[in-house]
Number of protein chains: 2
Amino acid sequence: MLDAIARLRRFNRAVTREVGALDTSFLGRGRPLGMVRVLQLVRPEGTDVALIRDRLTLDSGLTSRFLRSLEREGLIETDTDPADRRRRIARLTTAGQAELAAYEAIGHDRAARLITKAGSRADEVVAAMDLIATLLNRDQMEIREADPDSPEALACQRAYFSELVARIPGLHLDQFPLPDPKADSYRPPKGRFLVAWSDNLPVGCVSLRPLDTTTAEVKRLWVHDSARGQGLARRLMTAIEGEARSLGYTTLKLDTNSALTEAIKLYRATGWSDIAPYTQPPGDTWMGKTL
Amino acid sequence: MLDAIARLRRFNRAVTREVGALDTSFLGRGRPLGMVRVLQLVRPEGTDVALIRDRLTLDSGLTSRFLRSLEREGLIETDTDPADRRRRIARLTTAGQAELAAYEAIGHDRAARLITKAGSRADEVVAAMDLIATLLNRDQMEIREADPDSPEALACQRAYFSELVARIPGLHLDQFPLPDPKADSYRPPKGRFLVAWSDNLPVGCVSLRPLDTTTAEVKRLWVHDSARGQGLARRLMTAIEGEARSLGYTTLKLDTNSALTEAIKLYRATGWSDIAPYTQPPGDTWMGKTL
DNA sequence: AATAATATCTGACTAAAGTCCGACATATTA
DNA sequence: TAATATGTCGGACTTTAGTCAGATATTATT
């Protein structure tokens, strides 16, 4: 443990230097870092000013001045929130989107250089970064609905199928075409596809499709390697069960494979129990839950 | 590659937040971060002011002011470098060492909390941090002489023997007692023990012991997992060969095991060639080089 | 309806970091 | 020996980040 702490602190020092260098790169476009950090949180659809303040733990006065400055530059627009007219919502303008893209490009170049530096160990380094970033972002993971054919949902499903193939003997990737021809069953109004985000990286998914008017099936529960052991699968299951409830289903089913031991353990721990088989292989374990 | 870059940038964001929080923790002792960073580079034996400036990429005026301020507080002392009297050398006083220890304690607490947060995956997280920190520190790795019984040299040898045991069937750790009863042969004036440092972490070692007046043996070449694939083993070999040369040896020998393929590949690539056996198992490959 | 709480904004202020310049002593080169 | 380069220093200045208090509008509570 003592040694681990010394090594973590070495990591901090190394990264402080790197991040310090990264900060100055933002200055390349003549705007202070604080303002850029705000800009990066403003979405084209609009972001709550309170959320920005909260995320960056900024003083309200400072936030306000940053927003005014960005507004003067024409990068954002602000409006009062119709729901609570004390609140304000900041929205990225077209010019703002272009400016943000320019920052993306700068960061992109720096990142590419660092990855090149990693040489033959680039994959390992990226996996290591994922692990650390997911850990640091842990308290800010969000679960949002997504279209099953969106790029992020496809990435999740691809990873999920790869894992199935790796863990269950006799399966092949071409058995799982993507985009899924049956994607429509995971779409509203009867179905759902949820994606878990850690910052901008999709780190998990789960989906729901109707079987009959009162029964739905949970499918494709997957968690990114870097996010395992942190209770995300449980959160995803809670979320999808909540969706099922609000869609009016009273019974849930799922089929899984006995090789996926952690998943089965989770199901049992959250009130699922074995039921009669209702699908073909690769499923060999069937479970159900009454809502 | 594209995806890797997006993920690296996510890592940067996560770490910027964490490091930002880390920075403010330094303010707890009423000294600005910049000054603390300088203080951390000053060693009790003395550090070149130019080196400090270089490492932190500071303006000379700013560096000077930080040093004056630390000097006024009695934490450091400065002297002109006798070798080049334009240069100055900063030395940590006893008070400075105490102050630095206090900072260590603060960082220690924060680090311990983060590791606790990693839970069951703490080991993986620390390994991931090592990999990234070593990559970022790559251009600043230093090779320095150490006593074979110093804690860092022992750590290196322990890791080296563990690796031997893991890779060569039939070996047991108790065959390699530490501290080494024959440590004296690796000490000056006839022997050498070199340790490679990445920041404060020993990431590699190599040693030399006399066989006769003109022949020496290279032993215990080891590189930390996080530092592999970056040419460190080659640097260590170059360094130890240089030491051998300056000690007046004309011939070098080593014995190794055929399981250590990367090492053997390196030896062949740097002018070593096979020679007649001269030791017992676990050695099964013997090489020599004329200086 | 009065009071309290909340969200934002503005202005005044401070601390920290960093830049630029000239002065000075010393070292290197022509 | 003269000219040039280098390393350090201190002063004047700017930018950035952050704090604090008060004003205003709106919402929630009593």
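The values are calculated or read from the model by the stated rules, or taken from the named source; none is laboratory data. Remember, predicted model here, so these are calculated numbers, not experimental data. A quick note on method: Cβ atoms are made from the backbone with ideal geometry, for glycine too, and the neighbour counts reach across all protein chains shown. These accessible areas exclude ligands, DNA and RNA; they are computed on the full protein's heavy atoms, side chains included. Shrake-Rupley method; radii C 1.70, N 1.55, O 1.52, S 1.80 Å.
Chain A's nearest residue to the axis relating it to B, judged by Cβ and reported with the distance in whole Å, is A:ALA128, 2.
When both the stretch B:156-177 and the stretch B:258-274 are represented by their alpha-carbon centers, they are found 20 Å apart. Here each label is just a point 7 Å from Cα along the line to Cβ, and for A:ASP48 and A:ASP81 those points are 0.4 nm apart.
Helix A:122-136 and the long axis of chain A differ in direction by around 90°, with both axes built from C-alpha atoms. Placing a label point 7 Å from the Cα of A:GLU262 along the Cα-to-Cβ direction, the residues of the stretch A:120-156 whose backbone N falls under 14 Å from that point are A:131, A:135.
Among rounded, prolate and oblate, which fits the protein assembly as shown when a ≥ b ≥ c are the square roots of the eigenvalues of its C-alpha gyration tensor, a/c under 1.5 means rounded, and a/b larger than b/c means prolate? Note, shape of the protein assembly as shown comes out oblate. Residues whose amide H lies under 5 Å from that of B:THR285, counting only those 5 or more places away or on a different chain, are B:THR256, B:SER258; hydrogens are built 1.01 Å from N in the peptide plane. Among A:VAL126, A:VAL218, A:VAL49, the largest mean-square fluctuation in a Gaussian network model of chain A (Cα springs under 10 Å) belongs to A:VAL49. For the interface of chains B and A, what total accessible area is buried with a 1.4 Å probe, rounded to the nearest 100 Å²? Chain pair B/A: roughly 5800 Å² of buried accessible area.
Computed with a 1.4 Å probe over protein heavy atoms only, the accessible surface of the stretch B:141-290 comes to 47 Å² per residue.
Projected label points at A:LEU171 and B:THR279, each 7 Å from Cα along the beta carbon direction, are separated by 4.9 nanometres. When A:ARG220, A:ARG68 are compared by accessible area of protein heavy atoms, the largest-first order is A:ARG68, A:ARG220, using a 1.4 Å probe.
Cα centroids of the stretch A:94-143 and the stretch B:82-121: 29 Å apart. Here is how far apart the A:LYS190 label points are across copies: 8.7 nm, shortest first, using a point 7 Å from Cα toward Cβ.
Sequence-ordered 3J(HN,Hα) estimates for the stretch A:141-152 from the Karplus curve with 6.51, -1.76 and 1.60 and θ = phi - 60° stand at 5, 10, 10, 10, 6, 9, 6, x, 9, 5, x, 5 Hz, glycine and proline given as x. Once all protein chains are placed together, A:PHE176 keeps about 40 Å² accessible to a 1.4 angstrom probe.
Within a straight-line Cα-Cα reach of under 25 Å, A:LYS219 can be paired with the following lysines, leaving aside sequence neighbours fewer than 8 residues apart in one chain: A:LYS182, A:LYS190, A:LYS253, A:LYS265, A:LYS289. Close amide H partners of A:ARG88, meaning residues 5 or more places away or on another chain with modelled amide H under 5 Å apart, are A:VAL49, A:ALA50, A:ASP81. The other copies place their B:SER120 label points at 3.4 nm from this one, listed shortest first, where each point is 7 Å from Cα along Cα→Cβ. The angle between the Cα long axis of helix A:232-246 and the longest principal axis of the Cα atoms of chain A comes to about 70 degrees, rounded to the nearest 10. Using the Cβ of A:ALA216 as centre and a radius below 11 Å, the other residues enclosed give a net charge of +3, where K and R count +1 and D and E count -1. In nanometers and ordered shortest first, the copy-to-copy spacing of the B:ASP147 label point, defined 7 Å from Cα toward Cβ, is 7.0.
Comparing B:VAL42, B:VAL15, B:VAL223 in a Gaussian network model of chain B, where Cα atoms under 10 Å apart are tied by springs, the biggest mean-square fluctuation is seen for B:VAL15.
Given in Å, the Rg to one decimal and the Dmax to the nearest whole number for the Cα atoms of chain B are 22.4, 65.
Could you check how many percent of all C-alpha pairs in the stretch A:139-290 are farther apart than 23 Å? List each step's numbers first, then the result.
Values: 3671 of 11476 pairs.
Looking at the stretch A:139-290, the distances longer than 23 Å represent 32 percent of pairs.
Given the Cα-Cα distance of A:GLU145 and A:LYS117 and 0.36 nm per residue of separation, how much length would full extension add, in nm?
So the extension gain works out to 6.4 nm.
Taking A:ARG87, A:ARG167, A:ARG121 in turn, the Gaussian network model of chain A (Cα-Cα springs below 10 Å) assigns the largest fluctuation to A:ARG87. Overall, the accessible surface of the protein assembly as shown at a probe of 1.4 angstrom is composed of carbon and sulfur to the extent of 53 percent. Residue by residue, the stretch B:50-63 carries 3J(HN,Hα) couplings of 4, 5, 4, 4, 5, 4, 9, 6, 9, 5, 5, x, 5, 4 Hz when phi is fed to the Karplus relation 6.51 cos²θ - 1.76 cosθ + 1.60 (θ = phi - 60°); x denotes Gly or Pro.
Does anyone have the angle between helix B:94-118 and the longest principal axis of chain B? Alpha-carbon axes, 0 to 90°, nearest 10? That helix lies at roughly 80 degrees to the long axis. When the helices of the protein assembly as shown are scored as -39500 (n - 2.57) per DSSP H run of n ≥ 4 and the total is divided over every residue, the value at 222 nm lands at -15500 deg cm²/dmol.
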